[in-house]
Amino acid sequence: MKKTLLLLLLVFFATSWLSAQTASLEGVVTDITGSPMAGVSVNVGNKTYVTDAAGKFSATGVSYGKTEVTFVMDGYETKTMSVDVNSAAMKLGYVQVKSAAAATENPTETSVSTIESEDEVKDQYVSGLLHSANDPFVSIASYTLSAGYFRPRGYDNEYSEVMISGLALNDPETGRPNFSDWGGLNDATHYKESSYGLNPTRYSFGTLSGTSDIDVRASHQRKQIKASYAFSNRTYQHRVMVTYSTGMMKNGWAVTASASTRQGSNGYVKGTFYDAYAYFLSVEKKINSKHSISFTGFGSPAKRGMQAAATQEVYDMLGDNYYNPNWGYQNGEIRNSKVRNSHEPVLLLSHFYDISDKIKLTTTLGYSFGRSGTTALNWFNSADPRPDYYRYLPSWLDNMGYLNGISGDPQSIEAVTSLWQNDQNVRQINWDQLYQTNYLNVLSGKQTRYVVEEKVMNHSQLGLASHLNYEINKNIFFSGGLNINIYKSNNYKVMNDMLDGNGQTGYWLDIDQFSQRDFLGDSNKAQNDLNNPNRIIKKGDKFGYDYDIHINSGNLWGLGEFTYNHLDFYVGLKLTGTQFWRVGNMKNGRYPEESYGASAKHSFCDYAAKAGATYKITGRHYVVLNLAYSTMAPSFSDVYLAPRVRNAVLPDINTRKIFSGDLSYIIRYPKFNARITAFNTNFYDDTKVIYYYMDAAGATGLKESFVNYFVTGIDKKHQGIEIGLEVKIIPVLSVVAGGSIGNYRYTNRPNAYITYESGLLPDSSQQIYCKNFFVSGSPQTAGSLGLKFGPMKYWYANINANLFASNWVDFAPNRRTTDAFTNTHLYVGDPALTAITDPKLANANPQFTLDVSVSKSFKIKNVYIGINLSCSNVLNNTKMITSGYEQARTDFYTYGADAFPAKYYYGFGRTYFLMASVRL
Amino acid sequence: MKSFSVIRKIWVLLLIVPALFLAGCSKNFDVPPVNVPMFQLPDGASVISIKALKNRHTVLGALDSINDNVYVTGIVVSSDETGNIYKSLYIQDTSGGLLISLDATSLYNLYPLGQRIYVKCQGLFLGDYNGMTQIGMPYAGAIGRISGVLISQYLFIDNLPGAVPAAKVVTIPTISPNDLGTLIKLENVHFVEVALPYADAAASTNRTISDGTNTLILRSSNYATFRATLLPDGTGSITGVLGLFGTDLQLYIRDLNDVVGFDYSSQIILNEPFSASVGSFTAVSVAGAQTWTFSATYGMTMSGFSGGANNANEDWLISPSVNLTQFNTVKLSFSHTINKGVVGNMMTNHTLWASKNYTSGDPTLATWEQIPITVYPSGADWTFVSSGQIALPASYEGQANVHFAYKYLSSTSESATWELKSILLKGTHN
């Protein structure tokens, strides 16, 4: 840390002597009718500005000499002009941008996919978050490579930030942006100001991966009425979207409203469905030349049938890499057992205050609330209803005899395989049989055996964000802000469907059946709520667990940008305070003394510092260096040992530390635009939590039960090179290329802290042997080479050839411990061992895909009509694993090393997206 | 009114879109009807009796494939709901009972008690596991379980579950091989290991059913939900499915409702096996350096012999406070052995005491009354003997704070070793 500070000071003093020889550049952007255009991204050198409601932009710190100025606006042709900066206050006057007729909305709207970790459904949207105008690499990474789950520099989404009017919309629990909150509102949330990586922004201190500020101000939306219909075979089939924007009206009001629906009874993956709506309203009132007030409210109620990963054995047996175990037939209709149902509206009130020409203050008060839940099957004293449970697979017949060296009966294996291939009721969930089992048990007065439960999170969040932009003089620009966030979530299970009927009403007892088994004869231990013992649960009742998470945080940040003729630099500092605690609403039988009521409060104080410099060799060549060091409080779930049932936390709580830097060389010519960057980021003391069913036999002294497994003190290194370039061959044809070669690895042997959720055995610890293992979550190497055609007579076309490589599977830490091998028959040099010790998990052969898109627009009188067609993965590559995880469950001793293999998700094969839009 | 028209347009827009699809995809699934299965014997198939099927297995240890298209039918008489019977299904017809070996749990959901099922035998195998004939699939050259996924290809249910056939009442000596795999009932029998759990925690356990002369093994699984329940005193009837292991007949109960009669009135007040630790007891040394110590093998042990010499000791092993306000006829039993001392001093150096006013600490400060131990071991070997049922004097009934204690004495001339386990205090609830 001391080193970092020293470095910052050095950068500061070493450059302060530089003479102030830069220029400013001003202009107004209009459409061809001369109406001012708000929200146009103007790239000057390596900086991006956005035009205001009057279409005005003003760039500062522009180097003398030739500079490229690029104007980017969705639905308009990108315009690049070369400006010879030769006076201190350059005025460009009015710059017209040509409408691309109807919108050429980016047709490759990234598919929404789901990644599921064991027993936990997590949504991970891959988004065009980092869209940073005019950077070929960023544009390729967000639109083309994201289909292969590529994440720039291998960073998790929690290191990116999405804001609206300066208020961050990241979920305080996961740190990740809640993309689903504004799903289906593409028109209304289209305008973003983004920065990539560590580059400074003026509305936020920034994060490791990048920051986007979505501009929802009604006055910044293009005046239009627009309707579109899209047809796709990805996650939904139909999308209808209608948007209406008044633009700034004479009375000082501006209004934007948008609504959409996305519908699909069967997505690309069978059994997934989509039933989503979205609404958006933004009203802005310009009070006078200094004050504007904006209110925005939006929401996106959505129900979606989810996909689950499966093992390669199943995919190979069925010849289908898109097998989805989550669904089955009920009365001949497809029913998905995992349905995500969310509706989390956001309300924002913003105040834009132009204190003076040089000082602007933006303040946003936001409130979000709502619910998100995911259903799942639950069962009591009954066979596992999931069709791909390991004991139902052909491999089980071999694995069960592993200990005694007995292989399975070949005829039985053949018969099981054949049933899997030919019988829907074996391959998928047999809902009818679950009902039948319930009927018979209810008839004899017993508890219902199979139910559908929903894990629900209800949250409410109040946030205040304010930031000030102050142009102190032509060399110094200060940005600073304050954020306050008060968050609460209520987490519980609710009975969704008792799977009863025909005049019978089932019931469910609120006890934990694993504890009933583990603490035989102790009737208190098994109670989920001692305040309501043996409670009878009916449809709609809360049960299982019920607790609140409170997270309050605040931060203060400031960033100074210093601009001189050949050198720009910045320094920034941020201080963050975080406090969280748990409140239990049930008195759990396993933890009667530490489950009910509030836990201790845990407070963290973090800081972050960043600095960087741009050396402007000429107006066309730049060298950029960024450095940042930050500490980050652990997340709530990294700290609480078993938040569903108890207040206790890890004995040693670590704060994460991140040290990151990148060095770029940027070239900007009218026909050639390129960037090459080398980056390195070190993560220290990270935590990872997994929750799984621990099998007993092999490891001495352990018992079969659910455990929470905390890997703490993880060190990682992400290093690599990024390249992006765009070459204009002729005015309507460009070559676009971008790619990244990375090396993201674990660099130490962290420790695991193991806690039995039921408290069956005392907590213990293990060392994880994962040094030099690859980090999962993204292909470490990916690239795309494309041709961009257009506009020619309102035709546009793109073709991209993409390569993905080194996409490693998420390893299960508990498999990399000495305990996992206790008493096993595995020996040094055993082929089965390689699968466990090899850091290159799973097959990550390079994968190739090809994307094509074409769009055409027409203008008939005052009506613009646009048609887009995009086809992804034209060559139908169905062999690309986009993500996967090893199962944590193991029993090397009894069943061998291969009994619980990894589960994978495959990238979609050939998909299309066809959209027609009308705008007036 | 321009602003009015704006608002109107917005409303129209917000209403149109949901209306477009409102009736779209929201699903309400129909509840499946109650299915009353009716089994139809396929053409060309015939039903044979269970006895006839089992008779095809004539050579012990052989694996016999069933190649002709025959079925057997029977009523389910077993249940794995409590976990005592595991991956096994027993059906019986009037000719006998059949054990079907299945690689699946919670069979009671699909094949409940009283359910008539048909078994398609073609493709299955007959064999025996330690003499017990069963139908299944091959495993390592012998009979094994039918894969869980394949069960539905061989077992077919017919109609809703009905009555379970009445268990055949037998006496232990009259049990015949024909009773194997069927439900039998023994009357007027008792358990030999009264107050021990049905099964130990670590493994399936054999207990002994006795009619006074003859005995039969009761085998229970350590995974059974009633595993820790203690075997009751007295006599009663026991119903269960009859199995065979080698030459041993074994009875499996389905659940505790199979154990009827018996004396459930006496309750366990204190159960201290000394199997894992000193438990709720307290060791207090009044004199001498040696103390009561716990041994996983021998229970609580005390000896004054140390460093190759006899040492004088007075050491007490004191029970926790027991509340007898609601009990009468309180009896204590335990298991002990004494060795290496002077046998003639055994009954003075190893004594049992009771107190109504002891609280904690030094026992000599409280009032103790000696309770005679009725059964002592030989004093010259390591054989554990049961103390028998030692009645506590009636004066202790109704007392809220009763302690009892084992008092050990040794001298510099002799020091025996006393080992104690399985302490059980029982009483009849008022």
### Query
Going down the list A:Lys657/A:Lys771; A:Lys538/A:Lys903; A:Lys192/A:Lys903; A:Lys455/A:Lys525, which pairs span over 28 Å between their C-alpha atoms?
A:Lys538/A:Lys903; A:Lys192/A:Lys903
## Note on the structure
Projected convex hull area of chain A, Cα atoms, direction-averaged, in nm², equals 38.0 nm²
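So how strong a dipole does chain B carry about its Cα centre when Lys and Arg Cβ are +1 and Asp and Glu Cβ are -1, to the nearest 20 debye?
Numbers: 23 positive and 29 negative charges, 325 e Å.
So the dipole magnitude of chain B works out to roughly 1560 debye.
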### Query
Tilt of helix A:410-422 relative to the longest C-alpha principal axis of chain A, in degrees (0 to 90, nearest 10)?
50 degrees
### Message
Between 0 and 90 degrees, rounded to the nearest ten: what's the tilt of helix A:2-16 against the longest Cα principal axis of chain A?
### Response
10 degrees
### Query
Roughly how tilted is helix B:2-21, in degrees to the nearest 10 and between 0 and 90, from the longest Cα axis of chain B?
90 degrees
### Message
Straight-line reach only, C-alpha to C-alpha below 14 angstrom: list the aspartates and glutamates that A:Lys856 could link to, leaving out same-chain residues fewer than 8 apart.
### Response
A:Glu77, A:Glu105
### Query
Relative contact order for chain B: what is it in percent, counting Cα pairs under 8 Å that are at least 6 residues apart?
12 percent
#### Entry: Additional length obtainable on full extension of the chain from A:Gln96 to A:Asn748, 0.36 nm per residue less Cα span
229.1 nm
### Task
Let me know the charge dipole size of the range B:29-101 about its Cα centre in debye, to the nearest 20, where only the beta-carbon of Lys, Arg (+1) and Asp, Glu (-1) is charged.
300 debye
### Task
Mind checking which of A:Ser660, A:Thr687, A:Ser705 is farthest towards the positive end of the range A:649-771's charge dipole, using Cβ charges of +1 (Lys, Arg) and -1 (Asp, Glu) about the Cα centre?
A:Ser660
### Query
Along the charge dipole of the range B:168-263, Cβ charges K/R +1 and D/E -1, which of B:Val192, B:Pro232, B:Leu256 sits furthest on the positive end?
B:Leu256
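What number, rounded to the nearest 500 deg cm²/dmol, is the helix-based mean residue ellipticity at 222 nm of chain A, given -39500 (n - 2.57) per DSSP H run of at least four residues and division by all its residues? Let's see the in-between values first.
Details: 11 runs with 87 residues, N = 920.
The helix-only estimate for chain A comes to -2500 deg cm²/dmol at 222 nm.
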### Query
When A:Cys605, A:Cys770 are ordered from fewest to most other Cβ atoms inside 10 Å of their Cβ, what list results?
A:Cys605, A:Cys770
### Task
Putting +1 on Lys and Arg Cβ atoms and -1 on Asp and Glu Cβ atoms, find which of B:Gln389, B:Ala309, B:Met347 reaches farthest to the positive end of the dipole of the range B:272-429.
B:Gln389
### Task
Enumerate the lysines that B:Lys421 could reach by cross-link, defined here as Cα to Cα under 20 Å, with residues fewer than 8 away along the same chain left out.
B:Lys331, B:Lys340, B:Lys407
### Message
If the reach is capped at under 18 angstrom between alpha carbons, list the lysines near A:Lys91, excluding any in the same chain fewer than eight residues apart.
### Response
A:Lys47, A:Lys56, A:Lys66, A:Lys79, A:Lys358, A:Lys474
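No lab work stands behind these numbers, since they all come straight from the coordinates. Predicted, not measured: the structure shown is a model, and the values here were computed from it. No Cβ is skipped: glycine too gets one built from the backbone with ideal geometry, and neighbour counts run over all protein chains shown.
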